[in-house]
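**Q** Sharing a structure, written as structure tokens. Questions coming.
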Amino acid sequence: HGKIVIGFIGTISLISHPVDILVEAFASLIQKFPTIHLLIVGGGEDITYIKTRINELGLSNVVSLVGRINSEDIPQYYKVCDITVDPVLNNEVAKARLPLKMFESWVVGIPFVTSNVGDRKHYLSNPISGLCAEGDGSFDLENELVKLLTDTKLRNEIISNGIKKSENYYWDI
């Protein structure tokens, strides 16, 4: 298909997953990288708002909004993605959680991007196994995505390190 797929797989709830930040970052990214596509998988109370935002930004032809899926189908959606993102605001809700999607991305060998909130940067460094935007806005997220879209060596290093790190987090360990 020739497209680079940036994916979000999770609940469409702006309180815990501000997907609107990712949509806004994507609106800017698509101008620089016309071969990218955004895949949003999940349901939630803010899906109507996200659909509206996608349409307002004129992105309906470059964004696929899948909706809620069965949990056993999640791995298939990860396999379609070239990069996965956990957009997050720097607030108490986000500081209190560590995204499962980070570990899932590692296991399937997909670079992961989020923001430096809570323990995320600790888990994604030493060695680097994902990227953390310093801020929590769309511009900050976009800058990290640009790095992965332009630096193959960095992408490959993150993939390799993530796969190795994931072995420390299997349920039996």
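The values are calculated or read from the model by the stated rules, or taken from the named source; none is laboratory data. All of these numbers come straight from a predicted model, not from anything done at the bench. Here the Cβ positions follow ideal geometry from the backbone for every residue, glycine too, while neighbour counts run over all protein chains shown. In case anyone asks, the SASA skips ligands and DNA or RNA and just uses the protein heavy atoms, side chains included. Shrake-Rupley method; radii C 1.70, N 1.55, O 1.52, S 1.80 Å.
**Q** Positive end of the charge dipole of the stretch 55-164 (Lys, Arg +1 and Asp, Glu -1 on Cβ, about the Cα centre): tell me which of 83, 146, 103 has its Cα farthest that way.
**A** It is 103, whose Cα lies furthest towards the positive end.
**Q** Would you mind finding the longest exposed-site-free stretch of the chain, with exposed GluC sites (Glu not before Pro) meaning DSSP loop and at most 16 other Cβ atoms within 10 Å?
**A** The longest such stretch corresponds to 46-133.
**Q** For the chain, the longest stretch holding no chymotrypsin sites (Phe, Trp or Tyr not before Pro) located in a DSSP loop with at most 13 other Cβ atoms within 10 Å is which?
**A** In the chain, the maximal stretch lacking such sites is 1-169.
**Q** Sticking with this one: Show the residues, 5+ positions off or on another chain, whose built amide H is closer than 5 Å to the amide H of residue 36.
**A** Correct list: 4.
**Q** Further question: Quick one: which of 79/147; 32/164; 79/165 span more than 28 angstrom between C-alpha atoms?
**A** From the list (79/147; 32/164; 79/165), the Cα-Cα distance tops 28 Å for 32/164.
**Q** On to the next question. Just the accessible area per residue of the chain, please: how many Å² with a 1.4 Å probe?
**A** In whole numbers, the chain has 49 Å² accessible per residue.
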